[in-house]
Amino acid sequence: MKKQLYRAAAATVLGLSLTTGVVAADTGNINTTGTGSSNSVNATTTNSMSHTTSNSVTGSNSNGQGASTGTANVSGNTTGGGATSGPAANSNGVTANVTVDNTMDMPSMPSGGAGGGAASGTISTTGTNSTNTVSSNTTNTVTSNTTNNVSFNNSNSQSASSGSANVSGNTTGGSATSGAATNSNTSSFTFTVKD
């Protein structure tokens, strides 16, 4: 009768040892377990990094010019001199340089979990006929999104007209000269986008 009681107690102790030795963490260690025990260390590390860059550059240049020469008139004289109208000129120059630089050192992915170490686990000094399992899972996710919007609008409107030069109603009339009307426009655009 005593033998049976002792055996029952031993079986109870063995049953309790089967439920120990389960660790779920970034790092885990199991030491000194009983006979026929089942030991498992699951080390899991998840790293996630997201990088988003959005650039919007908008430029606008509007130039409106108007020039006209006046009226030169010589009339009603016995002797009339020359009539000269001055020149009319427009000039416009635009230079736009836009540089968008998205080059940067991406932050390095951490090598381990919150503690900075790699996912790892050890099982040592286990009993006879024990089952031991060490698993390490590392998941790295990197997401990078870059959006560049560059727009530039240049509008140039020019108008130039020479005036009228009139010599009339004179006994002797001089020459009539109307000034030159000119338009000039120079535009230069340089866009540089670096990713």
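So the values come out like this:
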{"item": "Flag if Thr133 is in contact with an Asp or Glu (Cβ under 6 Å, 6 or more places away or on another chain) and in a strand (DSSP E or B)", "result": "no"}
{"item": "Test: residue in segment 51-58 that is closer than 30 Å to Asn183 by Cβ and either surrounded by fewer than 12 Cβ atoms within 10 Å (Cβ to Cβ) or modelled with pLDDT under 75 (or both)", "result": "yes"}
{"item": "Single condition Thr20 does not satisfy, out of (1) at pLDDT below 80; (2) over 53 Å from the mean Cα position of the chain (by Cα); (3) not aromatic (Phe, Trp, Tyr)", "result": "(2)"}
{"item": "Those residues of segment 69-93 which are assigned to a strand (DSSP E or B) and surrounded by 15 or more Cβ atoms within 10 Å (Cβ to Cβ), in sequence order", "result": "Ala72, Asn73, Val74, Ala83, Thr84, Ala88, Ala89, Asn90, Asn92"}
{"item": "Failed criterion for Thr138 (all others in (1) surrounded by 12 or more Cβ atoms within 10 Å (Cβ to Cβ); (2) β-branched (Val, Ile, Thr); (3) closer than 30 Å to Val98 by Cβ hold)", "result": "(3)"}
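The values are calculated or read from the model by the stated rules, or taken from the named source; none is laboratory data. Every value quoted in this text rests on a predicted model; they were computed, and no experiment measured them. Please note: Cβ atoms are built from the backbone with ideal geometry, for glycine as well, and neighbour counts cover all protein chains shown.
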